[in-house]
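The values are calculated or read from the model by the stated rules, or taken from the named source; none is laboratory data. Quantities reported herein were computed from a predicted structural model and do not represent experimental measurements. FYI the Cβ positions are ideal-geometry reconstructions off the backbone, even for glycines, and counts take in every protein chain you see.
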Amino acid sequence: MRGVPIALVVLLSAAVAACDQTAPPSGAPRDLAAALPLVTTVTPVITAVTWPPAASVDRGALAALPETAAHAARSSQVPVLVPSRRELLAAPVIVAKEHWTSFWARTESITVSLTMTRLTRKVPGIPPLQGAHAVRGAPAFITANEGIWTAAWIENGVSYALDVECASPEAPSCASDALLRELASALVYVGGVGAKTAGDRP
């Protein structure tokens, strides 16, 4: 998930630092670049999706979505999770593509986005990192950058990344990861192509 880019940054940073040294340490190879593993473009892998039971679709949340957003959710190739707060379901933007789906919504106080993808990149020789936190019962990474809180985890065989930003950087609700965790735990499943039921709208 996000562990691979971090590992790559560390690896490339080490290479740059080594190449910038005017006098390599004693015993170091003459060609430091040749001593490092060759990092090439990694082809994304499509992971197998585990679809939740169709009966677990939150019909109330699905009905609260505008028709355009609901249609995008139903056509998604990955299980779509959305916030359960009705104010975030009033006018969201849901985009469904071949391998990923995104959700975006804004209120007067917060902006919430959620990216869901079934693509992964695995670099040979670099084991996947495991988050030190827990979100929705799964290991997760939780970070804060320029006032935006982010949680990343794997669920249903899919990588999810939830971002929460407060309209005011000084807002008490964004002073910690409490709001992020609250929104993450309350995400509900509204479907996708693997959750077709007779009662779905066309």
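Condition (residue is touching a strand residue (DSSP E or B) at 6+ places or on another chain (Cβ under 8 Å), at pLDDT 95 or above and within 15 Å of residue 189 (Cβ to Cβ)) applied to the stretch 105-113: is it met by at least one residue?
Just the residues of the stretch 105-113 that are touching a strand residue (DSSP E or B) at 6+ places or on another chain (Cβ under 8 Å), to begin with: 105-106, 109-113.
Now narrow it down to the ones that are at pLDDT 95 or above: 105-106, 109-113.
Still in the list and also within 15 Å of residue 189 (Cβ to Cβ): none.
No; the residues of the stretch 105-113 include none that is touching a strand residue (DSSP E or B) at 6+ places or on another chain (Cβ under 8 Å), at pLDDT 95 or above and within 15 Å of residue 189 (Cβ to Cβ).
Output yes when any residue across the stretch 104-126 is hydrophobic (A, V, I, L, M, F, W, C), surrounded by fewer than 21 Cβ atoms within 10 Å (Cβ to Cβ) and within 16 Å of the chain's Cα centre (by Cα), and no when none is.
Within the stretch 104-126 (the criterion being hydrophobic (A, V, I, L, M, F, W, C), surrounded by fewer than 21 Cβ atoms within 10 Å (Cβ to Cβ) and within 16 Å of the chain's Cα centre (by Cα)), the answer is yes, since at least one residue qualifies.
What's the number of the only condition in (1) more than 16 Å from the chain's Cα centre (by Cα); (2) farther than 27 Å from residue 54 by Cβ that residue 130 fails to meet?
In the conditions (1) more than 16 Å from the chain's Cα centre (by Cα); (2) farther than 27 Å from residue 54 by Cβ, residue 130 misses (1) alone.
When you scan the stretch 118-132, do you find a residue that is free of Cβ contacts under 8 Å to residues at least 60 places away in the same chain and in a strand (DSSP E or B), even just one?
The answer is no, given that none of the residues of the stretch 118-132 is free of Cβ contacts under 8 Å to residues at least 60 places away in the same chain and in a strand (DSSP E or B).
With respect to residue 164, determine if the residue is in contact (Cβ under 8 Å) with a residue 60 or more places away in the chain and β-branched (Val, Ile, Thr). First the steps, then the outcome.
Working: in contact (Cβ under 8 Å) with a residue 60 or more places away in the chain: no; β-branched (Val, Ile, Thr): yes.
Criteria not met by residue 164.
Results for (1) in contact (Cβ under 8 Å) with a residue 60 or more places away in the chain; (2) closer than 19 Å to residue 153 by Cβ; (3) surrounded by fewer than 17 Cβ atoms within 10 Å (Cβ to Cβ); (4) touching a Cys at 6+ places or on another chain (Cβ under 7 Å), shown as yes or no for each residue.
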{"site": "56", "(1), (2), (3), (4)": "yes, yes, yes, no"}
{"site": "64", "(1), (2), (3), (4)": "no, no, no, no"}
{"site": "83", "(1), (2), (3), (4)": "yes, yes, no, no"}
{"site": "88", "(1), (2), (3), (4)": "no, no, no, no"}
{"site": "92", "(1), (2), (3), (4)": "no, no, no, no"}
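For residues that are hydroxyl-bearing (Ser, Thr, Tyr) and buried (at least 22 other Cβ atoms within 10 Å of the Cβ), tally how many sit in the stretch 66-81. Lay out the reasoning, then the answer.
Step one: filter the stretch 66-81 for residues hydroxyl-bearing (Ser, Thr, Tyr), giving 68, 75-76.
Narrowing further to those that are buried (at least 22 other Cβ atoms within 10 Å of the Cβ): 76.
Residues meeting the conditions: 1.
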